[in-house]
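Down below is the structure, laid out as structure tokens.
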Amino acid sequence: MSELTFEQMLEGSLKTIHTGEVVEGTVIDVKPEEIVLNIGCKSDGILTRYEYTNEPNIDLTTVVKPGDTMEVKVLKVNDGEGQVILTYKRLAVDRGNKRIEEAFNNKEVLTAKVAQVLDGGLSVIVDEIRIFIPASLVSDVYEKDLTKYAGQEIQFVISEYNPKRRRYIGDRKQLLVAEKAEMQRKLLESIQIGDVLEGVVKNVTDFGAFIDIGGADGLLHISEMSWGRVENPKKVFKVGDKVRVFIKDISGTKIALSLKFEDENPWKDAAERYAVGNEVTGKVARMTDFGAFIELEVGVDALLHVSQISREHIEKPSDVLKVGQEITAKVVDFNSEDRKISLSIKALLAAEPEEAHEDVAEGDVSAEAESDVPEE
């Protein structure tokens, strides 16, 4: 039997590969745009940047080095120049498809960095599979600007898996909704009416403000914002403000909040300050046809009826008063139960005619006395 030459032995040791086959190779050279691998056959394998990853402009010398081993898939056995063309990306896609399918079936929570912010949502990549998260599924609240998510790692689940159409849809919203529901459940188990909590203003409307109290939002109604009168909540609060509130009521998952702390209640000792007969000073807060409401202090308003403004007939309060004007009046009625106080300016004027009459009388007496004195 004839002995085999070295070339024949070497050739016999080299394996035959086929298109589509998955092989393991060793990196023997790396350039920014190309990786050369020894895959155990006559020709070395060429892995271009495009067939390595979907990431644009990546420098391959930063991700692999000579001596590294990696599994690749054969695209072409001979590219016309005797080279074997390889792909790593498509092998990763094949495996990524399986990975995404398993995550979809198992409702697994995935984590990935946002690769791109698009007009209609976010794009993330998991094992070379590009997943689209529509804007409506990014958050549990409407967000017009999604640029803040650029480069961030986010969690999501696969809500739609269709490899034939290469349609992979992610959903972050349902995770946030579930998380908030759990936080709300725990919060409702731990709080009770009367508890004082620190919160953060989440939203302000014409009728009140929604306060995040650490797991759920409570409503601070406009009527509970102050012992005084609040015309517009948006002039009092803005989103992000920190506020100390107490729980006024809990009904199911609805939480009513208040800022009207009892120790700050101006009516607590008002009976002494505004006893009937006391002379008080206040500012005209608002007017109606039947009278003017006078703010004596924050949270305490009194009615000055139109008939009590002057001794003369007045058609309506706005004929003689204006909002913001300071007036002095006498308390003529105090009702602590209904928190009503009635004032009268006329009551202060009632004594003036008698004083004026006495002055005139004294003047007449003096005149008469002078007329009785004989002339010298």
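The values are calculated or read from the model by the stated rules, or taken from the named source; none is laboratory data. Note that this is a predicted model, so its numbers are computed, not measured. Using ideal geometry, Cβ is built from the backbone for each residue, glycine included, and neighbour counts are taken over all protein chains shown. Ligands, DNA and RNA are stripped out before the accessible areas are found, and what is left, the full protein with its side chains, is counted by its heavy atoms. Shrake-Rupley method; radii C 1.70, N 1.55, O 1.52, S 1.80 Å.
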Identify, please: which residue in region 171-204 is in contact with a Leu (Cβ under 9 Å, 6 or more places away or on another chain) and part of a helix (DSSP H, G or I) and is, among those, most open to solvent (accessible area, probe 1.4 Å)?
174
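Residue by residue, here is whether (1) out of contact with any Asp or Glu (no Cβ under 9 Å at 6 or more places or on another chain); (2) farther than 17 Å from residue 191 by Cβ; (3) modelled with pLDDT under 95 holds:
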residue: 234; (1), (2), (3): no, yes, yes
residue: 246; (1), (2), (3): no, no, no
residue: 263; (1), (2), (3): yes, yes, yes
residue: 266; (1), (2), (3): no, yes, yes
Would you check if there is a residue in region 322-343 being within 17 Å of residue 266 (Cα to Cα), of a type in the set (Gly, Ala, Ser) and open to solvent by less than 50 Å² (accessible area, probe 1.4 Å)?
yes
Sort out which residues of region 86-143 are closer than 30 Å to residue 38 by Cα and among the β-branched types (Val, Ile, Thr), and write them in order of number.
87, 93, 125, 126, 129
Name the residues in region 200-232 that are closer than 27 Å to residue 189 by Cα and aliphatic (A, V, I, L, M), would you?
200, 201, 204, 209, 211, 213, 216, 219, 220, 222, 225
Name, by its number, the condition in (1) in contact with a Leu (Cβ under 6 Å, 6 or more places away or on another chain); (2) at pLDDT 95 or above; (3) over 30 Å from residue 131 (Cα atoms) that does not hold for residue 216.
(2)
Consider region 281-319. How many of its residues are assigned to a loop (DSSP other than H, G, I, E, B) and crowded, with 16+ Cβ neighbours inside 10 Å?
2
Check every one of the strands (runs of 3 or more DSSP E) wholly within region 77-170 and list those with 2 or more residues that are at pLDDT 95 or above and within 30 Å of the chain's Cα centre (by Cα).
110-118, 121-126, 129-134, 153-162
Unique residue being farther than 28 Å from residue 341 by Cβ, in contact (Cβ under 8 Å) with a residue 40 or more places away in the chain and either of a type in the set (S, T, N, Q) or open to solvent by 80 Å² or more (accessible area, probe 1.4 Å) (or both) when the list is 244, 229:
244
Just to verify a result, which residue in region 247-270, among those that are within 18 Å of residue 337 (Cβ to Cβ) and of a type in the set (A, V, I, L, M, F, W, C), is surrounded by the most Cβ atoms within 10 Å (Cβ to Cβ)?
270
Scan region 72-89 residue by residue and report those that are within 18 Å of residue 49 (Cα to Cα) and surrounded by 15 or more Cβ atoms within 10 Å (Cβ to Cβ).
72, 73, 74, 75, 83, 84, 85, 86, 87, 88, 89
